[in-house]
Every structure is written in structure tokens, then in C-alpha cells.
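The values are calculated or read from the model by the stated rules, or taken from the named source; none is laboratory data. Values in this document were obtained by computation on a predicted structure and should not be read as measured data. Every residue, glycine as well, gets a Cβ built from its backbone with ideal geometry; the counts of neighbours run over all protein chains shown. Side chains are part of the model used for accessible areas, which takes the heavy atoms of the whole protein and leaves out ligands, DNA and RNA. Shrake-Rupley method; radii C 1.70, N 1.55, O 1.52, S 1.80 Å.
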Amino acid sequence: MPVPRTLYIRHVPDAVAERLEKLAQKAGLPLSSFALQELTETARRADNAELLASLPSQPIERSTILEALHASRDER
């Protein structure tokens with residue numbers, strides 16, 4: 001099993017660091033854990049655009065989508 005790496009991030013603007021610290025505090029996590037969580041999520045989504053581009057296109061009219069949306073709202 002590979003050994004986890006340690007990353008050091010330099011030149012983080014104060015405003016970014018302060019915002020991350022606030023978000024980590026709200027999440028009840030240490031800053032390093034919160035940052036790892038965010039980096040993990042970003043890395044997970046990195047291939048989403050490629051995945052979506054590889055899916056077959058399904059032609060559907062905008063009006064069909066809107067009709068279905070309105071019908072589902074009317075059911076509520």
C-alpha cells in the first residue's frame with residue numbers, strides 16, 4: 001500500500017487561509033483535515049467533464065423538460 005504524501009502549499013493569500021480556517025471551524029475539523037477533504041473532493045470531480053463528454057447524447061426538447069418539471073410541481 002502506498003505511503004501517503006505530505007503536501008506543502010506556499011503563498012496562500014491571507015483571505016483564502018482565513019476563509020478556509022472559518023470553514024474548517026464550522027465543519028468541526030482541523031484545518032489540515034478540512035483541506036484534505038476539499039482536495040480529495042476536487043480530485044474526485046476532476047474527471048467529471050470527461051465522463052460527461054463520453055456519454056451518448058440524448059436529444060430532448062426543452063419544452064419536454066419544462067412540461068415534466070411543471071407536472072411534478074403540480075403533483076405536490
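Dipole orientation for the chain: of the candidates Val12, Ser54, Gln37, Val12 has the Cα lying most toward the positive pole (charges on Cβ; Lys, Arg +1; Asp, Glu -1). Pairing the Cα long axis of helix 31-45 with the longest principal axis of the chain, what angle in degrees results, from 0 to 90 and rounded to the nearest 10? Approximately 40 degrees, to the nearest ten. Where does helix 62-75 land angle-wise versus the long Cα axis of the chain, in degrees 0 to 90, nearest 10? Roughly 90 degrees, rounded to the nearest 10. Measuring from a point 7 Å past the Cα of Leu29 along Cα-to-C-beta, which residues in the stretch 45-59 have an amide N at less than 17 Å? So the set is 45-46. Which of Leu66, Leu39, Leu23 ends up with the largest GNM mean-square fluctuation for the chain, with Cα atoms connected below 10 Å? Top of the fluctuation ranking is Leu66. Label-to-label distance, Asp47 versus Ala71, with points set 7 angstrom from Cα along the beta-carbon direction: 3.6 nm.
For the chain, the solvent-accessible area with a 1.4 angstrom probe is 100 square angstrom per residue. Of the solvent-accessible surface of the chain, computed with a 1.4 Å probe over protein heavy atoms with every protein chain present, carbon and sulfur atoms account for 57 percent.
Only helical DSSP H runs with n ≥ 4 go in: add -39500 (n - 2.57) per run for the chain, normalise by residue count and round the 222 nm mean residue ellipticity to 500 deg cm²/dmol. Please list the in-between numbers first.
Numbers: 4 runs with 50 residues, N = 76.
Per the formula, -20500 deg cm²/dmol.
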